[in-house]
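Quick notes on the structure that follows.
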Amino acid sequence: MRTSRSKHYNSSRSSLPFEDGMTDVKYNNIMSEGPERAILVGLITPQQDERRTKEYLDELEFLAETAGAETIKRFTQRLGGPSQVTYLGKGKLEEIRHFIDDEEDAEREVDMVIFDDELSAKQLRNIESVLKVKVLDRTSLILDIFAMRAQTANAKTQVELAQYRYMLPRLQRLWTHLERQGGGSGGGGGKGTVGLRGPGETQLEMDRRIILNRMSLLKQRLADIDRQKTTQRAGRGRMIRVALVGYTNVGKSTLMNLLAKSEVFAENKLFATLDTTVRKVIIDNLPFLLSDTVGFIRKLPHDLVDSFKSTLDEVREADLLIHVVDISHPDFEDQIKVVEKTLADLGCSEQPTMLLFNKLDAYRWVEKEADDLTPATRENISLDELQRTWMARMGGDCFFVSATQRTNIDELKALLYKKVRELHVQKYPYNDFLYDHYEEETE
Ligand SMILES: Nc1nc2c(ncn2[C@@H]2O[C@H](COP(=O)(O)OP(=O)(O)OP(=O)(O)O)[C@@H](O)[C@H]2O)c(=O)[nH]1
Ligand SMILES: [Mg+2]
C-alpha cells in the first residue's frame, strides 16, 4: 500500500501548473514530512568506471539530501551504455521492484527512485510502469533544488522556464499519469494507455499550448529583467568587475563575505546561491566590483544553463574570473574540468582567469610508507607537492587559501589588488581610479 505521503506527491505533480502564480510550479517538489526515502541508480559503462560511478552517486546522494531525501540503497549495473527503452536492463529493473516490494512488506515505504542521468520521456514512462513509484532523474532533482532555492523574481522566472523546458517533451507521460490518477474507478481508468488516446490527445494539445504560452510570457519577463540589469550595469561606472565562479559548495559565498564584508547566504548544501550578488570591494584605495554566482555541477541541465544566461551575464562581462576550487574534495580535478567546460559553453573561455584553491585546512592525504612500492595515487600527494604542481602549471594564476581559517587571505587581497590594478590601467588608461583615502565600505 502507498502511504498518503506519496499520494500527496503524485497529485501535486500531475496537476500541470496552469495558474498564473509564479510560485505554483514546484510540480515535483518534495513534501516535507520527514525525509523521503530514496533509491539511487547509476550505470557503470566503458566510459564511466566503477570508481567514477561511485563518486557520481555520492554527489547524487548529496543532491538528494539537499532536496530533503534520505538515500536507503544504491543500485548500479554494468552496461555498454544506457538502454534507450528502460535505461537499465530489464532484470535489474525487476530487482529494484522486488527490493521496493520487500521494503513495503516490512512497512518501509520507498518514496522515489533517482537516476543519475537525464531520462527520456520514453525511459521515464517505461521505468515508472515497472517500479510504480516516483521516478526522478538528476535533472529533475537539480530543478527541484533550484525551485526550492529561488528567492527573487528573476531566479524564480528562470527556474520556472527551465522546468517547462524539461516538462514539454515529457508531457505525454505526465498526462497519462494524470489520467490514471484522475480516472477513478470509472470505465477505462486502467493502467495502460488504451482508451486514453482520444481525449488525451486533445488535452495534451491544450496543455502544450498553455505551456508554450506561459513560456513565451516568462521569456518576455526575463527580457524585461535583462534590460533593467543592463541599465544597472551601465550605471555602475568605471570599475573593474571580478566574478567568483566554480563548482557548487566550494566556498564562493564564504569568500565573497570575507572580501566584501557582506552577508551572502553560505551553507554546506548544494546550490546555496542562485542569484548573482554584486558588491563593491575596496582593497587599500582601489575599488572594484565582486560578484558571487550560482555554482556549477556535473550534468547541469542544459535548459537551466540557458535559462540562467541573464544571471550569468555578470560572469560573461567580468574582467577577471576567480575560479574557486575545493582542494579538499576528492574529485576536485574533475570539478575543475566541469567548470571549465561550462564556462566555455557560456562563451567565457577567453577571459583572464585565476584558480583559487580553497579549503586548504580540510585537505587530507595519506603518506606512503617508504617500502610501499605501489604507484602513488592522488591520495598520496602531500599538500606541498600539490601546490608546487599547480603553481608550475598555472604560473602566477593560482593561489591557495582557507576562507574559514582565513589562511592567506591578506596575501590574496594583495594579489587581487595587483591584478585589478593592472586590468584597470589597461581598460581605463586615463581614469584616475584610486581613492585618496581608504574608506570603509558602508553600502
Ligand atoms: N573546511 C572549510 N570549509 C569551508 C571553507 N570555505 C567554505 N567552507 C564551507 O563550505 C561550505 C560551502 O560554502 P559556500 O560559501 O556556501 O559555497 P558556495 O561555493 O557559495 O556554494 P553554492 O552557492 O552552493 O554553489 C560551507 O559549509 C562553508 O562553511 C574553508 O576554507 N574550509
Ligand atoms: Mg554560494
Any hit, region 359-372, residues being on the phi > 0 side of the Ramachandran plot and at pLDDT below 85: no
Matching option when the condition is under 24 Å from the mean Cα position of the chain (by Cα) and more than 26 Å from G295 (Cβ to Cβ), among S120, S140: S120
Test set (1) away from ligand 2 (no atom under 14 Å from the Cβ); (2) surrounded by fewer than 19 Cβ atoms within 10 Å (Cβ to Cβ); (3) more than 27 Å from K341 (Cα to Cα) - L258 fails condition number: (1)
Some residue of region 133-155 being more than 22 Å from H302 (Cα to Cα) and among the aliphatic types (A, V, I, L, M): yes
Filter result (polar (S, T, N, Q) and in contact with a Ser or Thr (Cβ under 7 Å, 6 or more places away or on another chain)) within region 83-126: Q123, N126
First in region 38-60 and under 27 Å from K132 (Cβ atoms), second anywhere and surrounded by fewer than 23 Cβ atoms within 10 Å (Cβ to Cβ) and acidic (D, E), Cβ under 6 Å, 6 or more apart: I44/E50
Hey, Q426 modelled with pLDDT under 90 and of a type outside the set (K, R) or not: yes
Given (1) among the hydrophobic types (A, V, I, L, M, F, W, C); (2) closer than 19 Å to R316 by Cβ; (3) at pLDDT 80 or above, number of the condition V281 does not satisfy: (2)
Test: T311 is of a type in the set (S, T, Y), at pLDDT below 85 and outside the structural domain of Q163 (by TED's automatic domain parsing): yes
Scan of region 279-290 for residues that are within 16 Å of ligand 2 (Cβ to nearest atom) and crowded, with 22+ Cβ neighbours inside 10 Å, ordered by number: L290
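The values are calculated or read from the model by the stated rules, or taken from the named source; none is laboratory data. Nothing here was measured: the structure is a model prediction, and the numbers come from that model. Please note: Cβ atoms are built from the backbone with ideal geometry, for glycine as well, and neighbour counts cover all protein chains shown.
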